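Trainee: If you scroll down you'll find the structure; I have some questions about it.
The values are calculated or read from the model by the stated rules, or taken from the named source; none is laboratory data. Model, not experiment: these values are computed from the prediction. Heads up, the Cβs are rebuilt from the backbone with ideal geometry, glycines too, and the neighbour counts pull from every protein chain shown. Accessible surface areas use protein heavy atoms only, side chains included; no ligands, DNA or RNA. Shrake-Rupley method; radii C 1.70, N 1.55, O 1.52, S 1.80 Å.
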Amino acid sequence: MDLCNLNDIRSLLGRHGFRFSKAMGQNFLIEAAVPQAIAEGCNPDKGCGVLEIGPGIGCLTAQLAKRAGKVVSVELDKRLLPVLDETMSSFDNVTIISGDIMKLNVSDLVDTHFSGLTPLVCANLPYNITTPVLSTLIDSRRFERITVMIQKEVAQRICASPGTSDYGAFSIYMQFYTDPEILFDVPPDCFTPQPKVTSAVLRCPIRKEAPVDVRDTSFFFQVVRAAFAMRRKTLINGLLSAFGSRMSKTELLTLLDDCGFSATVRGETLGLTEFALLTNHLHDTLQAK
Ligand code: SAH
């Protein structure tokens with residue numbers, strides 16, 4: 001059976017009485033070159049354990065199983081379990097877990113299944129849960145590399161540079177913890193049913209060390225969120241609404257000046273280095289109070 005052939009997929013799913021669910025973000029790949037290229041982009045070897053989210057009927061799972069030591073795939077839709085039983089029967093290194101990736105403990109899952117292996121993530125993600133899934137995966141601190149197909153616009157936001165309209169708090173979060181790179185685009189006609197948007201494959205090697213020197217990471221992200229909370233406003237206004245109860249406008253303006261920023265600077269023009277500088281100054285000033 002060809003897991004990317006539309007006729008084979010139709011007869012397989014027909015036999016199992018399966019209908020696509022929009023709510024579960026089900027768009028299955030029908031272009032064999034795509035799962036192959038995603039697996040190559042992830043680049044596991046036999047020393048790697050790959051966590052896949054949403055295997056569908058298993059077209060990417062099969063490509064990963066050929067390359068990796070072990071593949072663990074979490075599938076929310078119970079109707080796909082008998083399908084996967086059938087399509088994955090020739091692989092002895094694939095484990096299907098029935099569950100919701102948002103409710104499972106990812107760290108425990110990795111520790112249980114990938115002992116002695118290098119943990120990676122590779123998935124054609126359900127698009128409605130892209131950002132929370134990425135945060136959960138990164139916050140688990142278990143993975144060496146995350147390779148995912150997501151909506152192209154989200155991939156562009158993740159990789160965006162300061163000063164562009166795509167740049168935001170999530171760009172900073174992703175660029176702080178990973179070194180994201182778009183590998184290639186995937187048009188809607190590579191899927192059944194076709195999604196409305198273009199997709200892109202994003203590879204995020206997890207950084208071993210923070211790219212900038214930040215004394216308090218959670219405070220850093222608090223400052224970043226404050227800077228982007230009022231997108232069209234100046235940085236000083238964002239800072240005032242977050243820290244105004246503890247610092248006066250004059251004190252905050254002096255602090256901006258100490259960092260070498262103008263009084264009218266906008267948060268969206270600051271890169272990681274500038275946010276680190278601002279955060280560390282703000283942190284020290286508040287601690288000294
Ligand atoms: N990997 C397959 C299918 C991608 S579609 C392919 O490329 O063809 C997205 C898949 O994610 C579907 O199988 C869907 O049922 C599953 N899914 C959706 N939400 C999920 C969740 N919260 N946890 C795990 N799987 C989920």
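Trainee: Give me the one-decimal nm value for the distance between modelled label points at S248 and A288, 7 Å along each residue's Cα-to-Cβ direction.
Mentor: If labels sit at S248 and A288, their model points lie 1.6 nm apart.
Trainee: Also: Over the chain, how many pairs of lysines fall under 25 Å by alpha carbon, counting only those 8 or more apart in sequence or from different chains?
Mentor: 15
Trainee: Would you mind working out the accessible area per residue for the range 7-71, using a 1.4 Å probe, and quoting it in Å²?
Mentor: In whole numbers, the range 7-71 has 41 Å² accessible per residue.
Trainee: Once you have the Cα-Cα distance between S115 and S218, take 0.36 nm times their residue separation minus that, and quote the gain in nm to one decimal.
Mentor: 34.1 nm
Trainee: Further question: Going through the range 226-289, which GluC sites (Glu not before Pro) have at most 12 other Cβ atoms within 10 Å and a DSSP loop state?
Mentor: Counting only loop positions with at most 12 other Cβ atoms within 10 Å, none of the GluC sites (Glu not before Pro) in the range 226-289 qualifies.
Trainee: Suppose R0 equals 41 Å. What FRET efficiency, 1/(1 + (r/R0)^6) with r the Cβ-Cβ distance, do Q194 and H281 give to the nearest 0.05?
Mentor: 0.25
Trainee: Quick one: length gained pulling L81 to K66 fully straight, 0.36 nm per residue minus the C-alpha distance?
Mentor: Full-extension gain reported as 3.4 nm.
Trainee: I would also like to ask the following. What does the charge dipole of the range 1-111 about its Cα centre add up to, to the nearest 20 debye, if the Cβ of each Lys and Arg holds +1 and the Cβ of each Asp and Glu holds -1? Don't skip to the answer; put the middle values down first.
Mentor: Details: 11 positive and 14 negative charges, 59 e Å.
Dipole about the Cα centre, nearest 20: 280 debye.
Trainee: Would you please give the FRET efficiency between D92 and L6, computed as 1/(1 + (r/R0)^6) with r the Cβ-Cβ distance and R0 = 45 Å, to the nearest 0.05?
Mentor: E(calc), rounded to 0.05, equals 0.95.
Trainee: Next question. Tell me which of T217, L84, G116 sits at the most positive position along the dipole axis of the chain, charges placed on C-beta atoms (Lys, Arg +1; Asp, Glu -1).
Mentor: T217
Trainee: Right, here's the next one. So what is the relative contact order of the chain, in percent, for Cα pairs below 8 Å that sit 6 or more residues apart?
Mentor: On the way: 489 pairs, mean separation 43.3, N = 289.
Reported relative contact order: 15 percent.
Trainee: Nearest-5 percent of antiparallel DSSP beta bridges in the chain?
Mentor: Of the beta bridges lying entirely in the chain, close to 45 percent run antiparallel.
Trainee: Moving on to the next point. Angle check, please: helix 33-42 long axis (alpha carbons) against the longest principal axis of the chain (alpha carbons), in degrees 0 to 90, nearest 10.
Mentor: Taking Cα atoms only, the helix is inclined about 50 degrees.
Trainee: To the nearest 20 Debye, how big is the dipole of the chain about its Cα centre, given +1 on the beta carbon of each Lys and Arg and -1 on that of each Asp and Glu?
Mentor: 660
Trainee: In addition: Decide, for the range 218-289, between rounded, prolate and oblate: order the square roots of the alpha carbon gyration tensor eigenvalues as a ≥ b ≥ c, take rounded if a/c falls under 1.5, and otherwise choose prolate if a/b is larger than b/c, else oblate.
Mentor: Rounded is the answer for the range 218-289, as its axis ratio a/c remains below 1.5.
Trainee: At 7 Å along Cα-to-Cβ for each site, give me the label-to-label distance between S21 and A210 in nm.
Mentor: Result for the modelled spin labels: 4.0 nm.
Trainee: Mean separation of Cα pairs under 8 Å and 6+ residues apart, divided by the residue count of the range 86-243: what relative contact order is that in percent?
Mentor: 18
Trainee: Can you send over the carbon and sulfur percentage of the accessible area for the range 143-289, probe radius 1.4 Å, protein chains only?
Mentor: The value for the range 143-289 is 47 percent carbon and sulfur by accessible area.
Trainee: A further question on this structure: In debye, nearest 20: dipole of the range 101-199 around its Cα centre with unit charges on the Cβ of K, R (+) and D, E (-)?
Mentor: 180
Trainee: Also, I was wondering about something else. Give the residue list of GluC sites (Glu not before Pro) in the range 132-207 that are DSSP loop and have at most 14 other beta-carbon atoms within 10 angstrom.
Mentor: Hits after loop and neighbour filter: E144.
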